[in-house]
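The values are calculated or read from the model by the stated rules, or taken from the named source; none is laboratory data. Since the model is a prediction, treat every value here as computed from it, not as a measurement. Here the Cβ positions follow ideal geometry from the backbone for every residue, glycine too, while neighbour counts run over all protein chains shown.
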Amino acid sequence: MRHEVIFSGFGGQGVILSAVILGRAAALYGNKYAVQTQVYGPEARGGASMSAVVIDDEPILYPKVASPDIYVIMSQQGFEKYGAAAPKDALMLVDSELVHSRPQCACTEIPATTEAKETLGRVIVANIIMLGALVTATGLVSEDAIKRAVLDSVPKGTEDLNLKALHLGFELGRNT
Amino acid sequence: MQGNRACCEGALAAGCDFFGGYPITPSTEIAEMMALKLPKAGGTFIQMEDEIASMGAIIGASWTGARSMTATSGPGFSLMMENIGYAVMTETPCVVVNIQRGGPSTGQPTMSAQGDMMQCRFGPHGDVATIAVVPSTVQEMYELTAKAFNLADRFRVPTFVMSDETIGHMREKIVIPEKVDIVPRKPLLKGKLPFEADEDGVPGFAEFGRGHRVHVTGLTHDERGYPDTTDPEVHEKLVKRLYNKVESKRHEIADYDAVNTDAETVFITYGPCSRTVRQVLHDHPDECIGHLNLRIVWPFPEETLKIFANAKTFIVPELNLGQMVREIARHTTGEEVLSMPKIGGHIHTPAELYAAVEARK
Amino acid sequence: MTTRVFEKWYREDRLPHIFCTGCGNGTVMNCAIKAVEEMHWEIDDTIFVSGIGCSSRAPGYMSTDSLHTTHGRALTFATGVKMANPDLNVVVFTGDGDASAIGGNHFIHACRRNIDMTVICMNNMIYGMTGGQGSPCTPVGKISTTTPYGATEPVFDLAELAVAAGANHVARWTSYHTKELTRAIETGLATEGLSFIEAMVQCPTAYGRRNKFRKATDQVEWMRTHAILLQKVRRLEEEGKPIPEEHFAVGEFVHRQRPAMGVRR
């Protein structure tokens, strides 16, 4: 089954890294095929950045998203640019603090940025919280696979913080 | 693994031991990765002051026997043309990676394109023949970069990896082979002049510091390497040899996939467009749609068109306003040749390409 | 220096050379060969590299491995050679136009990197090979085919530029001062890092003919009488006195041990 996941937010939130981690979890630890691509502008910070992952049980031919079924949106600008046109049968996870609009499709509000700031004291891990919520809300990859992929991808010394964020995300995603 | 990283890994596996480069989006990850990995592998990384200098440095390094490489994108590729011509004239093996972006000029730095396909063939002044490989997957990025080194050494020509932002920045799983075949350049044998070609049109390589006392010049030269810039016969003999040593082997070195060879409608693609066509074929298994995917576009393997004996239409989707389609049209004999240009940064969707098939029904 | 040495380092089968009668380039080439011989360098470990122009034909007459490259780019190729194989001795021949106009960027960056090589610039103050166009080193007021009313742009002081950019050894002499020039080149060859030797040369065909030097020797004589030792120039500067018009400094501009690249460790 082909899934097309779109991540969007502003540059610096780590939406590209989120997609890389999800792709890695699927391809290396989930026994699936995955292709990760992105659209980005000249800004290193700010702007609306978009990253996509295609996950499939079969080898992936067309590598870009054609009809996305899962959205992870972490900024209002990102919603307007990449989320507003989501088809009705899609599922969208939004950061409830940063995204003010709501789509026509099924939508799950995840207070990732709020929790990152208030519970973990580090806003930087909001993307990992979203990733955890995505995994339990959709079952795209296993919790173990995403955990291993997170540990592969985050800087040394930040493993505990990121695992806490991931588990927090798992809980937030499960409760939806 | 990211495409650009696969490019580095393929180069390192092929024994690349010198990289000279200049940062430019969307190729920069290649320079960054080489800066990290080459010194530990016993090689040399140097960031030059511009792309002209990068090209000069890799040619200089190549003459000491190094397997040398640079990576760039459109604007930098334009700057390299002068010394690419020099590499052709002096028969200097080297690999130039072009992660294409939208042009002309600085254009779209972060978006995908295939606008430099003719530049890599005809960019330098004068008559040249070079080799260009084009990957359509991250796996192929690894394999074709490694292969480019062997082709460069065998034919003693600059060899291009004409990839693009889509493949360069895409991440997918690859399988790294245990061993990559390395075919070293053939050395100059005693009694042979440094630019005296063997039967294959390629002279043995007179590596610097080995007592060959070779003079290397971009001027028209004789078999000793000495300039002779006014004798028409010397010039014609040299330039025809440089041209034919590559062009006469185009079928031998052709690298492609041909699917549904009895089809009447046939897509011809290279790079990321090939993946869209594969999707179309996958989504319409009951229809006989032909597909020719070229992994080597220059020298152009014109014989491959004849594989599709029933072809009535060749459809050529490209991320430009129609470049390779001209070469294809030049070699067809009565078939319709349909260009499907696309610029702006995104690749064609399967629906766009299938619409062209339906229109032919 | 005996004929034997020249026979050893020059390719006899390349003669006759293309230089005009009275050209100063041959003198500089001989000084370079003498210096290389004094260093006991081996032919097979030495690489001569050049760009485009009259000066850049020099490596073609020498019996080593040599690389005659594109206009202005010699230093980039030489950088590749030396960085890929630091065991080779690398000497670059260039000219004023080659090094400071089209190759100006490569020039300052090679000095900055301080790559272990010696760069000998034959400064004839003109583009000789293309028939006498003005270069960044054509003095103000002098006639060339592209400055028919006299050059108006300020000139580059190549030696000072090399010092500012970071070269370890910088000297300027002329084709008149052969002993000093040879010694300066030899010091350059022995210096780790980039050595820049500017050799002022006469160009009777493209420069002298248009600028009131009737014979090649007239321009050599002009260089003799207009060269002022660097020490004297510095003294005049300190005293706030003007440098006499059309005069130029000769001598060793710098000799230092900044960290160098392209050295076998």
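Can you say whether A:Gly9 is crowded, with 24+ Cβ neighbours inside 10 Å and either in a strand (DSSP E or B) or in contact with a Phe, Trp or Tyr (Cβ under 7 Å, 6 or more places away or on another chain) (or both), as far as the supplied structure shows? Write out each step before concluding.
Values: crowded, with 24+ Cβ neighbours inside 10 Å: yes; either in a strand (DSSP E or B) or in contact with a Phe, Trp or Tyr (Cβ under 7 Å, 6 or more places away or on another chain) (or both): yes.
Answer is yes for this residue.
Given the condition among the acidic types (Asp, Glu), part of a helix (DSSP H, G or I) and under 20 Å from B:Ile182 (Cβ atoms), answer yes or no: does some residue in region B:8-24 qualify?
Filtering region B:8-24 for residues among the acidic types (Asp, Glu) gives B:9, B:17.
Subset that is part of a helix (DSSP H, G or I): B:9.
Remaining after also requiring under 20 Å from B:Ile182 (Cβ atoms): B:9.
Among the residues of region B:8-24, at least one is among the acidic types (Asp, Glu), part of a helix (DSSP H, G or I) and under 20 Å from B:Ile182 (Cβ atoms), which makes the answer yes.
List, please: which pairs have Cβ atoms under 6 Å, are six or more places apart or on different chains, and start with a residue in region C:68-84 that is more than 7 Å from chain B (Cβ to nearest Cβ) and within 16 Å of C:Ala260 (Cβ to Cβ) and end with one that is surrounded by 24 or more Cβ atoms within 10 Å (Cβ to Cβ) and of a type outside the set (Val, Ile, Thr)?
Pairs found: C:Leu75/C:His106; C:Leu75/C:Ala110; C:Lys82/C:Met117; C:Lys82/C:Gly262.
Under the condition of being within 14 Å of A:Ala48 (Cα to Cα) and polar (S, T, N, Q), which residue from region A:64-77 is nearest to the chain's Cα centre (by Cα)?
First pass over region A:64-77, keeping only residues within 14 Å of A:Ala48 (Cα to Cα): A:72-77.
If we keep only those that are polar (S, T, N, Q) as well, we get A:75-77.
Details: A:Ser75: 12, A:Gln76: 15, A:Gln77: 16 Å.
Taking the candidates together, the pick is A:Ser75.
Among the residues that make up region B:35-57, is at least one of them in contact (Cβ under 8 Å) with a residue 60 or more places away in the chain and not small (Gly, Ala, Ser)?
Kept after step one, since they are in contact (Cβ under 8 Å) with a residue 60 or more places away in the chain, are these residues of region B:35-57: none.
No, region B:35-57 has no match at all.
State the number of residues belonging to region B:83-108 that are within 30 Å of B:Gly344 (Cβ to Cβ) and either more than 11 Å from every other protein chain (Cβ to nearest Cβ) or not hydroxyl-bearing (Ser, Thr, Tyr) (or both). Steps first, please.
We begin by selecting, within region B:83-108, every residue within 30 Å of B:Gly344 (Cβ to Cβ); these are B:84, B:95-108.
Right, trim to either more than 11 Å from every other protein chain (Cβ to nearest Cβ) or not hydroxyl-bearing (Ser, Thr, Tyr) (or both) and you get B:84, B:95-105, B:107-108.
Residues that pass the stated criteria total 14.
Mind telling me which of the residues A:Ala84, A:Ala19, A:Ala48, A:Ala26 ends up being within 24 Å of B:Thr110 (Cβ to Cβ), of a type in the set (A, V, I, L, M, F, W, C) and within 11 Å of chain B (Cβ to nearest Cβ)?
The unique qualifying residue is A:Ala19.
Can you find, within region B:205-240, the residue that is farthest from the chain's Cα centre (by Cα) among those that are facing chain C (nearest Cβ under 7 Å) and among the aromatic types (Phe, Trp, Tyr)?
Only one residue fits best here, namely B:Tyr226.
Condition test on C:Ala260, is it in contact (Cβ under 8 Å) with a residue 60 or more places away in the chain and either under 30 Å from C:Thr76 (Cα atoms) or exposed (fewer than 12 other Cβ atoms within 10 Å of the Cβ) (or both)?
It is true that C:Ala260 is in contact (Cβ under 8 Å) with a residue 60 or more places away in the chain and either under 30 Å from C:Thr76 (Cα atoms) or exposed (fewer than 12 other Cβ atoms within 10 Å of the Cβ) (or both).
Name the single residue, out of those in region B:165-204 being within 30 Å of B:Gly102 (Cβ to Cβ) and in a loop (DSSP other than H, G, I, E, B), that is nearest to the chain's Cα centre (by Cα).
If we take residues in region B:165-204 being within 30 Å of B:Gly102 (Cβ to Cβ) and in a loop (DSSP other than H, G, I, E, B), then B:Met170 is nearest to the chain's Cα centre (by Cα).
Report those helices (runs of 4 or more DSSP H) wholly inside region B:255-361 carrying at least 1 residues which are out of contact with any strand residue (DSSP E or B) (no Cβ under 6 Å at 6 or more places or on another chain) and either farther than 23 Å from B:Ile131 by Cα or within 12 Å of chain A (Cβ to nearest Cβ) (or both).
Values: elements: B:273-283, B:324-331, B:350-359.
Passing ranges, in order: B:273-283, B:350-359.
Just to be sure, is A:Ser75 modelled with pLDDT under 95, closer than 28 Å to A:Asp160 by Cβ and surrounded by 23 or more Cβ atoms within 10 Å (Cβ to Cβ)?
Here the answer is no, as A:Ser75 does not meet what is asked.
Helices (runs of 4 or more DSSP H) wholly in region A:78-173 with at least 1 residues that are surrounded by 20 or more Cβ atoms within 10 Å (Cβ to Cβ) and either at pLDDT below 95 or more than 13 Å from the chain's Cα centre (by Cα) (or both) - which ones? Please lay out each step first, then the result.
Values: elements: A:112-118, A:126-138, A:143-153.
Output list reads A:112-118, A:143-153.
Of a type in the set (Val, Ile, Thr), in the same structural domain as B:Leu12 (by TED's automatic domain parsing) and in contact with a Pro (Cβ under 8 Å, 6 or more places away or on another chain): does that describe B:Thr110? So that I can check it myself, show each step before the final result.
Values: of a type in the set (Val, Ile, Thr): yes; in the same structural domain as B:Leu12 (by TED's automatic domain parsing): yes; in contact with a Pro (Cβ under 8 Å, 6 or more places away or on another chain): yes.
Yes, satisfied.
Search region C:27-67 for residues being β-branched (Val, Ile, Thr), surrounded by fewer than 24 Cβ atoms within 10 Å (Cβ to Cβ) and over 19 Å from B:His212 (Cα atoms), and hand back the single one that is farthest from the other protein chains (Cβ to nearest Cβ).
Of all residues in region C:27-67, those β-branched (Val, Ile, Thr) come to C:27-28, C:33, C:36, C:43, C:46-47, C:49, C:52, C:64.
Checking which are surrounded by fewer than 24 Cβ atoms within 10 Å (Cβ to Cβ) leaves us with C:27, C:33, C:43, C:46.
With the extra rule that they be over 19 Å from B:His212 (Cα atoms), the set shrinks to C:27, C:33.
Values: C:Thr27: 22, C:Ile33: 15 Å.
Filtering first and then ranking leaves C:Thr27.
Would you check which residues across region C:11-26 are within 12 Å of another protein chain (Cβ to nearest Cβ) and touching a residue at least 24 places away in the same chain (Cβ under 8 Å) and list them?
C:Arg11, C:Arg14, C:Leu15, C:His17, C:Ile18
Can you tell me which condition A:Ser67 does not meet? The list is (1) surrounded by fewer than 20 Cβ atoms within 10 Å (Cβ to Cβ); (2) within 14 Å of chain B (Cβ to nearest Cβ); (3) not in a loop (DSSP other than H, G, I, E, B), and all the others hold.
(3)
Evaluate region B:50-61: report whether one residue or more is in contact with a Ser or Thr (Cβ under 7 Å, 6 or more places away or on another chain), within 13 Å of another protein chain (Cβ to nearest Cβ), among the polar types (S, T, N, Q) and within 20 Å of B:Val134 (Cβ to Cβ).
no
Looking at (1) assigned to a strand (DSSP E or B); (2) surrounded by 18 or more Cβ atoms within 10 Å (Cβ to Cβ), can you tell me which one A:Ser18 breaks?
The single condition A:Ser18 does not satisfy is (1).
Within region B:72-82, take every residue that is among the hydrophobic types (A, V, I, L, M, F, W, C) and buried (at least 24 other Cβ atoms within 10 Å of the Cβ) and give me the one that is nearest to the other protein chains (Cβ to nearest Cβ).
Applying the filter and picking the extreme gives B:Met80.
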